[in-house]
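Encoded as structure tokens, the structure appears first; notes follow it.
The values are calculated or read from the model by the stated rules, or taken from the named source; none is laboratory data. Keep in mind it's a predicted model, so treat the numbers as computed, not measured. Glycine gets a Cβ as well: all are built from the backbone with ideal geometry, and neighbour counts include every protein chain shown.
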Amino acid sequence: MFWNYQAQTQTEPVLESVFASRQCPCCRSHPQLCPADERQDSDGRRFSESVEVLTCSFCGWWFAFKDMWDSSCGSVPDRALRTVQAGGAALATFSPALDQSQIGLLAREIEQHLLGRGSADEWATLEDASAAILREFGYEARGTARSKDGGVDIVVQHPRGGPTAIYAQIKHTRNKVGVRVLRELIGTMGIHATNSGLLVTSSVFTAGVFRETEMAAQSGFFVELVDGARLLASLRLTYRTAAPTVAEILDVARPNVIILSGEFDV
């Protein structure tokens, strides 16, 4: 997956410290992380899982952890296996090219496009925001010549010099994006000898796009699809237009570093 954080904090001591203290690892003057969202799930008997997101209101650093208990794995009835997975990153590490009024307009247009209505005036803003999101995820991203129709809008490079570039096409429209757009992108990828692509829209994709994406993968062309809901979640997270939710964090940055594992009393 390309539309995902590539530069999450993987350092166990840092994540363990944040989990224990709930303090921002970057700020000394504003150390306390604030709860942003939480989700809990349980079968009422043996298994429970909670996911919590904490954020620093000053620097934007976020921390997410998943705390799982499974009493069916305990060696005795009153003990359970507990596993905690965590992840975190600093937000807005790039130099923002957009002001909050532009981001607000763009977010409202995306919300309307998900309902199949509204204008598409902020197409250029969406291209800039998409490039900024990809930089936030840890990639190098540069826009191509500005165009409303067809072509590749952003060329993405892996931060450590991957084998080929990732070609991204951005479609800011209230209409469903169909297979014609996907074929245009794959054709451009073939011409430039790259096998990785991103197709981003402020609306949704037709069922045919998902089927053809799977067929393209069998031929060696891998295109990741980012719809308006996922785009909006990423926009809100990277530009901090609102406190991130569990769903938004899990959509682009799953906590995957195990910082605690063992048997505990229940």
Considering region 7-59, residues that are of a type in the set (Gly, Ala, Ser) and modelled with pLDDT under 85, and then whichever is farthest from the chain's Cα centre (by Cα), we arrive at Gly44
Tell me which residues, restricted to region 181-212, are within 28 Å of Ser119 (Cα to Cα), hydroxyl-bearing (Ser, Thr, Tyr) and buried (at least 18 other Cβ atoms within 10 Å of the Cβ). Thr201, Ser202, Ser203
If Ile170 satisfies every condition in (1) in a helix (DSSP H, G or I); (2) under 24 Å from Glu122 (Cα atoms) but one, which is the exception? (1)
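Does Leu260 satisfy being closer than 30 Å to Lys66 by Cα, touching a residue at least 40 places away in the same chain (Cβ under 8 Å) and hydrophobic (A, V, I, L, M, F, W, C)? Before the answer, list the steps.
Values: closer than 30 Å to Lys66 by Cα: yes; touching a residue at least 40 places away in the same chain (Cβ under 8 Å): yes; hydrophobic (A, V, I, L, M, F, W, C): yes.
So Leu260 passes the test.
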Scan of region 222-266 for residues that are surrounded by fewer than 20 Cβ atoms within 10 Å (Cβ to Cβ), of a type in the set (Phe, Trp, Tyr) and over 21 Å from Ser17 (Cα atoms), ordered by number: Phe222
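Results for (1) in a helix (DSSP H, G or I); (2) among the small types (Gly, Ala, Ser), shown as yes or no for each residue.
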{"position": "Leu182", "(1), (2)": "yes, no"}
{"position": "Ala193", "(1), (2)": "no, yes"}
{"position": "Gly197", "(1), (2)": "no, yes"}
{"position": "Val200", "(1), (2)": "no, no"}
{"position": "Glu212", "(1), (2)": "yes, no"}
{"position": "Arg236", "(1), (2)": "yes, no"}
{"position": "Ile258", "(1), (2)": "no, no"}
{"position": "Gly262", "(1), (2)": "no, yes"}
